[in-house]
Every structure is written in structure tokens, then in C-alpha cells.
Amino acid sequence: MSDTPRDLAELLAGAEHAIVLSGAGISTESGIPDFRSRGGIWEKHDPTVVGSLATFLSRPELFWRFHRGRVEMLEGVEPNPAHIAVAELERRGLVKAVITQNIDRLHARAGSVNVIEVHGSLDRGVCLRCESELTLRETIARADAAGNGVPLCDCGFQLKTGVIQFGEPLPADRIRAAHEHARRADVMLVVGTSLLVEPVSRLPQIVLDGGGTLAILTESETPYDDRATVRLRGRAGVQLTETVDALGAA
Ligand code: ZN
């Protein structure tokens with residue numbers, strides 16, 4: 001059995017509080033590799049080393065050498081039709097929030113407004129000592145000015161990217177907001193995440209427990225496939241653009 005974008009459109013059209021949960025798979029069409037998949041970035045770099053809070057604190061030069069590369073990669077990418085379709089669904093009032101594991105800011109750049117980034121975002125520098133936040137541009141300028149590539153806060157401490165690192169607690173306010181939306185959701189559309197990583201792996205169960213339904217659009221299997229009301233496969237950009245088309249002009 002294979003569902004169609006029209007099935008998804010009908011589900012969304014009848015929803016009161018639909019939300020989107022997205023992961024790396026929604027951004028692969030923008031040219032961002034899924035770092036957990038084969039050939040991904042973590043095959044070349046041990047995530048427990050370069051992506052850890054401990055490395056940031058003890059070896060900031062190594063941390064920034066790695067993350068500088070990610071920043072530069074993200075500067076060259078654009079939102080793809082899947083991000084644009086999700087933003088259009090929110091603009092039409094059919095989607096209330098986008099919860100994402102992605103740190104690439106492509107949802108916001110596509111026009112989504114209520115985006116909850118549960119793993120943080122690469123698009124800023126943050127200070128763990130005085131809690132200052134700087135724009136990405138300013139952070140990079142400071143990295144360039146520093147001899148060792150490590151940007152410094154005005155307070156003198158080294159700046160970290162806004163991405164939540166291994167060993168760092170997830171942002172409690174965003175996790176709370178994600179849970180709140182999941183409790184209220186009558187439809188959750190899952191795009192491009194195999195739902196294996198905490199904390200998002202728990203959110204579909206919260207939706208189901210509250211009597212909501214799941215729509216899942218991923219290439220890979222997920223633990224919730226059997227319980228999805230609509231199950232789509234294939235390219236997210238194509239499927240979601242067809243979903244918006246099926247909803248008609250608005
Ligand atoms: Zn500071």
C-alpha cells in the first residue's frame with residue numbers, strides 16, 4: 001500500500017493543530033549530507049571528539065577547525081522545495097510549528113516562522129560564561145581576527161557555535177515547547193528523520209497518546225511506520241510540493 005500527497009493534503013486540511021517534525025533528510029536535497037548516513041561527515045570525524053563540549057573547552061582550535069568547515073558549507077546552500085512547502089503550509093495556517101533536529105536554519109530561511117530547533121543552530125556564536133549571543137557574521141569575523149581561529153567573547157571566553165554539542169544539555173525551553181506542541185497536535189508530519197535520536201524519537205508517541213495521527217515522509221524505515229495514518233516515501237521536495245498543490249490555491 002502506498003499513500004499519496006493527496007492523502008497527506010486531506011489529513012492536513014482537516015487538522016486543527018498540525019505540526020512538522022523534521023530531520024536531516026529534509027535538507028539532503030539542499031546538498032547537506034546527512035551526517036549519520038554512510039559517507040556522512042561523522043565517518044571522517046569522530047563525533048565524540050570534534051562534536052563534544054569537552055573538545056570545545058579543552059581544545060578550542062580543533063573544535064573551531066571542524067566547525068568552521070560546517071559554517072562555510074552552510075553558507076553555500078539554499079532551502080529546497082521541501083522547506084519551501086513546509087513554510088507555505090504554515091503561511092496557510094495548516095501547520096502551527098516546525099520542530100527540527102537540523103541546525104542549518106533552512107526552515108527559517110524558507111519562511112517558516114515558528115521553528116523550534118531542538119539541537120540549536122549553527123547560525124550564531126554563544127558564550128557559555130556570560131550567555132552573550134553574537135551573529136554568525138560577527139563570530140566568523142572574530143575567528144578570522146584571532147591568530148588561532150578561535151573567536152572570543154567580549155568577556156574573554158571563547159565563543160561556541162549555537163549548535164548543542166555532545167555532552168551539553170539540550171535547551172530546556174525548546175524541549176518543553178516541542179513537547180507542548182506534540183501534546184496539542186492532532187497531526188504530526190514527520191519529514192526526513194528516522195526517529196531514532198532523542199529527544200525527537202519520543203514526540204510521535206506523545207502525539208499518538210493524545211489521540212493524534214502521524215504522517216511519515218522518509219526514505220528510511222522508522223519505528224512508527226506501522227502506526228502512521230499516511231506513509232509517504234520518495235523525495236521530500238516532490239512529495240510536499242504535490243501536497244501543497246493538492247490543497248489548491250489559497
Ligand atoms: Zn562572554
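In region 127-163, of all residues being away from the ligand (no atom under 16 Å from the Cβ), open to solvent by 40 Å² or more (accessible area, probe 1.4 Å) and in a loop (DSSP other than H, G, I, E, B), the one that is farthest from Ile19 (Cα to Cα) corresponds to Gly147. Looking only at region 193-250, how many residues end up being among the acidic types (Asp, Glu) and assigned to a loop (DSSP other than H, G, I, E, B)? Adding up the residues that qualify gives 3. Condition check for Ser194 on (1) more than 26 Å from Thr28 (Cα to Cα); (2) in the same structural domain as Ala18 (by TED's automatic domain parsing): one failure, at (1). When Arg109, Arg124 are screened for being within 16 Å of the ligand (Cβ to nearest atom) and in contact (Cβ under 8 Å) with a residue 12 or more places away in the chain, only Arg124 passes. Only residues that are of a type outside the set (A, V, I, L, M, F, W, C), over 21 Å from Gly31 (Cα atoms) and surrounded by 20 or more Cβ atoms within 10 Å (Cβ to Cβ) were counted across region 72-126, and they come to 3. Within region 234-250, can you find the residues that are within 13 Å of Asp7 (Cα to Cα) and of a type outside the set (A, V, I, L, M)? Of everything in region 234-250, those that are within 13 Å of Asp7 (Cα to Cα) and of a type outside the set (A, V, I, L, M) turn out to be Gln239, Glu242, Thr243, Asp245. May I ask you to verify whether Arg174 is within 16 Å of the ligand (Cβ to nearest atom), out of contact with any helix residue (DSSP H, G or I) (no Cβ under 8 Å at 6 or more places or on another chain) and either in a helix (DSSP H, G or I) or at pLDDT 95 or above (or both)? It is false that Arg174 is within 16 Å of the ligand (Cβ to nearest atom), out of contact with any helix residue (DSSP H, G or I) (no Cβ under 8 Å at 6 or more places or on another chain) and either in a helix (DSSP H, G or I) or at pLDDT 95 or above (or both).
The values are calculated or read from the model by the stated rules, or taken from the named source; none is laboratory data. All figures in this text were calculated on a predicted structure; none of them were measured in a lab. With ideal geometry, Cβ positions are generated from the backbone for all residues, glycine too; neighbour counts draw on all protein chains shown. These area figures cover heavy atoms from the full protein model, side chains too; ligands, DNA and RNA do not enter into them. Shrake-Rupley method; radii C 1.70, N 1.55, O 1.52, S 1.80 Å.
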